[in-house]
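The values are calculated or read from the model by the stated rules, or taken from the named source; none is laboratory data. Just so you know, these numbers come straight off a predicted model, no measurement behind them. Neighbour counts are summed over all protein chains in view; Cβ atoms, including those assigned to glycine, are modelled from backbone coordinates with ideal geometry.
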Amino acid sequence: MASTALRDLLARSGLTLVGVLGLSASVAAMSVLPGCVVRQAQDGAALAAQRPTPLLADEVLVKKGQRRLYLMRDGKPFRTYRVALGFAPEGHKEREGDGRTPEGRYVLDWRNASSRFTKAINISYPNVEDRARAAMRGDRPGGAIMIHGEPRRHVDPALADLVRYEDWTEGCVAVSNLAIDEIWRYTLDGTPIEIRP
């Protein structure tokens, strides 16, 4: 049992060992060395706040002219990846089949772990404005624009032989398999994405 003097000392100083360490009173008393104390449970929140949290992007930025994708946190990039774009990358996507990668602000809205490419994260293109512009021209806006990895060799062996960083997609943003694994891990559905020229 903890001595009365130790209990009184802990009570007067607002400190406790029982509960914080999950120990019985007798074990807690034996764990105290002269000059060492354990703070009350109120410091548990401070300790939890110091634990590292998983690194998640609060935005994805694609700069088409640089052929780069940036995972952003608080306005600063913490990961950068080389990308391949649509086979006609200049300008905003206007219609289905034009080979352009869209430009503008969208959202990563769902994922496919078993696509014909190594993982794919959907970009919310077309939005309302994209649909309206295409309709005014009498075109379909296209869709299924994704950030994806390399083609799965067993699904599409001819496509898998393409040079990785040529602009070869139908409008998607293609990255290496290592990159898509990280992008998958560091983003959530609902993460905003901006695609710039």
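Can you name every residue in the range 173-197 that is closer than 13 Å to T118 by Cα and of a type outside the set (S, T, Y)? Within the range 173-197, V173, A174, V175, N177, L178, A179, I180, D181, E182, I183, W184 qualify.
Residues of the range 42-66 being modelled with pLDDT of 65 or more and not in a strand (DSSP E or B), which ones? I'd like the intermediate steps shown before the answer.
Filtering the range 42-66 down to residues modelled with pLDDT of 65 or more leaves 54-66.
P54, L55, L56, A57, D58, K64, G65, Q66 - these are the residues of the range 42-66 that are modelled with pLDDT of 65 or more and not in a strand (DSSP E or B).
Note on the range 67-182: enclosed strands (runs of 3 or more DSSP E) holding 1 or more residues that are at pLDDT 90 or above, of a type in the set (D, E) and loosely packed, with under 15 Cβ neighbours inside 10 Å are 104-112.
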